[in-house]
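Down below is the structure, laid out as structure tokens.
Computed from the coordinates by the stated procedures, all read-outs in this text should not be read as laboratory data. It should be emphasised that the depicted structure is a prediction, and the values quoted were computed from it without experimental measurement. Here the Cβ positions follow ideal geometry from the backbone for every residue, glycine too, while neighbour counts run over all protein chains shown.
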Amino acid sequence: MNILIVDDEPLQRHLLGGFLKKQGYSVVEAANGNEALTRFLHHPIDLVLLDHRMPDMNGDEVLARIKQHNPLARVIMITAYGAVDTAVRTMQLGAEDFLEKPVDLEKLLARIRTIEEQLYIADDVAAVTETIDAEALPVRMIAVSPAMQQVLSLALRAAPSPWTVLIQGETGTGKELIARLIHQLSPRKEGPYVTLNCAAVPEGLFESELFGHEKGAFTGAANRRRGVFEQAHQGTLLLDEVGELPLTVQAKLLRALQENTICRVGGEQPLSVDVRILAATNRDLKQMAAAGSFREDLYFRLNVLTVDIPPLRRRKEEIPALIRFFLDKYRSRAVFDDQALSQLTKYPFPGNIRELEHILQRTITLARSPNIGLRDLPPEIREYRGQESEGDLNSRLAEMERQMLIEALERHNGVQTRAAEALGISERVLRYKMERLDVGKKN
Ligand SMILES: Nc1ncnc2c1ncn2[C@@H]1O[C@H](COP(=O)(O)OP(=O)(O)OP(=O)(O)O)[C@@H](O)[C@H]1O
Ligand SMILES: [Mg+2]
């Protein structure tokens with residue numbers, strides 16, 4: 001467990017830190033409120049021991065900002081002896097507990113152990129959820145693989161909470177579907193559900209799209225217009241493709257999220273809004289934040305809970321169920337023979353479920369009979385060299401090797417060093433094999 005100790009007195013930090021390290025905890029220290037927040041953003045912290053009285057920012061404020069970044073963070077407030085009202089307020093602000101100064105180390109250890117247990121239990125509960133019947137959900141979808149069951153379990157637990165959920169996954173994996181599901185399962189389901197596709201908004205119009213504008217606010221603003229925040233009042237707002245938000249807009253969005261108020265463009269009055277935010281992206285926001293193309297504070301604000309949707313090639317066992325699902329959706333009587341099915345299961349589907357859906361649409365529209373065989377499949381699938389290709393031992397081994405290289409490279413986003421490491425070979429050998437087995441950049 002990682003513990004952050006926040007105190008302006010070096011001696012106090014030294015004392016607590018030394019004690020906790022001896023107990024086997026890893027400890028990060030901060031000497032004031034600002035430092036605490038910075039540390040909190042850069043380290044995976046499970047528990048914060050927070051001195052209430054500090055020169056730059058008082059403990060209440062630090063606590064509030066920590067909870068804003070991560071409502072699940074645990075905080076024990078350290079208050080002056082006898083400051084009961086401070087302690088009560090602290091608990092209302094979401095601290096787990098408070099301890100009076102001077103800190104009784106045995107008491108502290110007992111509290112930490114309790115919190116540790118709670119953390120383990122939460123992990124366990126998450127791990128052993130029973131199977132979720134996707135047919136009973138308010139959104140129609142297939143989720144039979146263990147990976148998707150896990151996604152559902154997370155979505156089900158996230159839905160009733162007010163927290164922001166960041167939904168990540170490659171294109172076509174079902175991010176919007178999961179967002180709609182979370183809304184439908186939330187206490188806001190009767191409220192509006194509004195989506196803003198950040199990739200489709202011209203840079204100059206973002207502010208107006210988000211917050212609305214007053215009549216005459218800029219050329220072309222003939223009428224007053226409500227932005228998506230106002231439209232989603234008492235409901236849910238999905239910021240889709242959130243990685244495409246320009247940095248200038250990110251700052252304004254962050255302010256709106258922190259204060260729960262917006263200002264229409266050209267308006268004077270701040271309006272308070274009550275909106276639950278979901279965000280979706282197919283980009284690696286964490287990496288973007290590290291590279292400076294996405295604000296780190298906004299990333300943490302959006303990423304309170306994360307749902308990662310695995311690509312279809314990692315849950316191929318769902319392909320038959322998905323085919324049935326889509327045939328049903330299009331009221332098709334088509335039947336796929338074994339060969340066609342098995343060829344479909346070999347294909348890696350870079351466009352994921354959307355690609356599968358389009359392929360099925362094309363296939364059933366163009367097929368001459370309802371009995372679909374290999375010849376009816378689109379060429380990119382029919383001609384895909386699957387893992388179990390024909391041939392003698394050597395050529396089959398080569399094919400298997402080739403697939404392993406492709407998969408390792410894919411899994412590590414084309415980073416050869418990592419792929420080589422995962423395969424247990426050197427980078428030089430990897431490059432040699434790539435050359436020999438015709439594994440190109442497009443893989
Ligand atoms: N598990 C599923 N079961 C049934 N249909 C699904 C499932 N997941 C996705 N789909 C369907 O696949 C299509 C793509 O899903 P969606 O639009 O949610 O993907 P996305 O991740 O938002 O994609 P993009 O990144 O391109 O916006 C939709 O038609 C959706 O209904
Ligand atoms: Mg989408």
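In this simple spin-label model, placing a label point 7 Å from the Cα along the Cα-to-Cβ direction at both S26 and R375 gives a separation of 6.1 nm.
Built from the Cα atoms of the stretch 2-126, the convex hull projects on average onto 7.2 nm², one quarter of its surface area. Enter the angle in degrees (range 0 to 90, nearest 10) between the Cα long axis of helix 247-259 and the first principal axis of the Cα atoms of the chain, meaning the one along which they spread out most. It is inclined by approximately 50 degrees. Normalised by the number of residues in the stretch 150-269, the average gap of Cα pairs under 8 Å and 6 or more apart makes the relative contact order 27 percent.
Take every DSSP beta bridge whose two residues both sit in the stretch 145-310; close to 15 percent of them are antiparallel.
Based on Cα atoms of the chain, Rg over Rh with Rh as the Kirkwood radius reads 1.04. Around Q92, under 15 Å between beta carbons, what's the net of Lys plus Arg minus Asp minus Glu among the other residues? Counting the neighbours of Q92, the net charge comes to -3.
Taking each of K189/K215; K175/K329; K189/K286; K189/K346; K67/K316; K107/K286 in turn, the alpha-carbon distance tops 27 angstrom for K189/K215; K189/K286; K189/K346; K67/K316; K107/K286. Each Cα pair of the stretch 393-436 feeds into the Kirkwood radius, which the Stokes-Einstein equation turns, at 37 °C and 0.692 mPa s, into a diffusion coefficient of 318 µm²/s.
For the chain, the relative contact order is 11 percent, taking Cα pairs closer than 8 Å that sit 6 or more residues apart in sequence and dividing their mean separation by the residue count. In this rough spin-label picture, where each label sits 7 Å from Cα along the Cβ direction, the T131-E435 distance is 5.0 nm. Distance between the modelled labels on A200 and D284, one decimal in nanometres: 2.9 nm (7 Å Cα→Cβ projection).
For the chain, what is the charge dipole size about the Cα centre, in debye to the nearest 20, if Lys and Arg each add +1 at the Cβ and Asp and Glu each add -1 at the Cβ? Intermediate results must be reported in sequence, preceding the final value.
Working: 56 positive and 62 negative charges, 237 e Å.
That gives a dipole near 1140 debye.
Okay, helix-only estimate at 222 nm for the chain: each DSSP H run of n ≥ 4 adds -39500 (n - 2.57), divide by all residues, round to 500 deg cm²/dmol; what do you get? Could you put the intermediate results ahead of the total?
Details: 19 runs with 202 residues, N = 443.
After summing the helix terms and dividing by the residues of the chain, the value is -13500 deg cm²/dmol.
With Cα atoms defining each centre, the stretch 23-42 and the stretch 274-330 are spaced 30 Å apart in the structure.
Quick one: length gained pulling Y330 to Q416 fully straight, 0.36 nm per residue minus the C-alpha distance? Walk me through the intermediate numbers first.
Numbers: separation 86, 0.36 × 86 = 30.96 nm, distance 4.19 nm.
The span from Y330 to Q416 would gain 26.8 nm if fully extended.
Can you tell me the orientation of helix 393-411 relative to the chain, as the angle in degrees between its alpha-carbon axis and the longest Cα principal axis, to the nearest 10? Tilt of helix 393-411: around 30 degrees. Net charge dipole, the stretch 214-355: roughly 260 debye, given to the nearest 20, about the Cα centre with Cβ charges of +1 for Lys and Arg and -1 for Asp and Glu. Of all DSSP bridge pairs formed entirely within the chain, close to 5 percent run antiparallel.
The angle separating the long axis of helix 59-69 from the principal Cα axis of greatest extent in the chain is about 10 degrees.
Any number yet on Rg/Rh for the stretch 315-379, C-alpha, Kirkwood? Mind dumping the intermediate values first?
On the way: Rg = 10.6 Å, Rh = 11.7 Å.
Here the Rg-to-Rh quotient is 0.91.
Under a model in which nothing but the beta-carbon of Lys, Arg (+1) and Asp, Glu (-1) is charged, the stretch 315-379 shows a dipole of about 160 debye around its Cα centre. Here the contact order of the stretch 167-236, divided by its residue count and restricted to Cα pairs under 8 Å and six or more residues apart, works out to 34 percent. Counting only Cα atoms, the size of the stretch 145-310 along its three principal axes is 54, 39, 26 Å, in decreasing order.
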